Amino acid sequence: MAKKSSKATKSDKTNKAHQDIKQQMIMAGKVLVAEGHDDFTRGHISMRLPDDPNLFFMKPHSMGLDEITMANILTIDLEGNVVAGSARRHSEVYIHSEILKARPDLNCVIHTHSPYSVALSGLGRPMRAYSQPGALFCGEVGLYTDTIALIRSHAMGFGVAKALGLHRAVLLKNHGPVVTGKTIAEAVVGAIMLENAAMIQLAVEAAGDPAPEFSRDDIAKLKGEVGQPEQFQINFDYLVRRVKRRAG
Ligand SMILES: [Zn+2]
């Protein structure tokens with residue numbers, strides 16, 4: 001009942017902000033699929049509500065990343081309970097709830113099964129700066145090694161959040177990446193850059209005998225440049241325009 005009355009008194013501004021976030025989530029899902037991050041209906045995206053840090057919006061179960069709609073997005077609390085929406089909830093909700101609980105500095109969490117990141121996770125090797133996306137992620141990727149299984153409990157989600165630590169992303173070994181961001185743009189572009197970095201690293205390591213990487217300072221400088229919020233937004237906006245163009 002309390003929920004109903006708070007919904008009724010929600011300001012137009014808050015409603016508009018929620019609509020904008022949901023619209024970005026819809027486009028984020030389409031961009032991720034266009035970039036090859038789909039695996040049937042698996043993979044999910046969540047975004048914290050700006051007006052209530054204890055709640056987040058999340059893609060529903062049984063739908064592809066490119067089938068998110070205004071109507072099927074769920075509102076979920078940090079314990080993983082659905083507080084609004086009637087769609088089925090992903091059993092791996094705890095990846096999102098536990099990370100958003102542990103990292104108040106983050107708002108968006110994306111988990112997919114993108115193939116090169118899965119392959120790199122199986123090697124247990126750290127991310128190297130063999131490319132510019134690699135420079136963004138080197139030293140920024142945790143590794144979760146408890147299980148290949150779905151993350152279906154608070155305890156498992158806590159384990160993923162612990163493996164993430166203060167990093168930008170965490171690879172679930174032999175399962176898939178979890179990429180975070182302050183914004184949807186940061187997490188989406190980050191997920192695409194991580195996959196690209198993993199692909200290049202696998203190619204370099206398969207070729208064998210790579211030349212030494214650039215100096216730490218040189219890598220850190222580039223990391224600072226490509227990690228600017230504006231860079232993520234510009235590139236996300238481009239990917240959204242491209243998806244819309246291709247849809248005709
Ligand atoms: Zn998964």
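Computed quantities for the displayed model
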item: Cα-projected label distance for Asp52 with Arg242, points at 7 Å along beta-carbon direction, nm; result: 3.6
item: Computed [θ] at 222 nm, helices only, for the chain once each DSSP H run of length n ≥ 4 contributes -39500 (n - 2.57); result: -15500 deg cm²/dmol
item: Long-range lysine pairs (8 or more apart or interchain), segment 23-230, Cα under 25 Å; result: 16
item: DSSP-loop GluC sites (Glu not before Pro) across segment 1-108, with at most 16 other Cβ within 10 angstrom; result: Glu79
item: Span-like helix ranges in the chain, DSSP H, alpha carbon extent 24 angstrom or more, Kyte mean at least 1.0; result: 184-207
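Read-outs throughout are calculated quantities, based only on the coordinates presented, and are distinct from any laboratory measurement. Only a predicted model underlies this, so the values are computations on that prediction, with no experimental measurement involved. Reconstructed Cβ throughout: ideal geometry from the backbone, glycine too, with neighbour counts over all protein chains shown.
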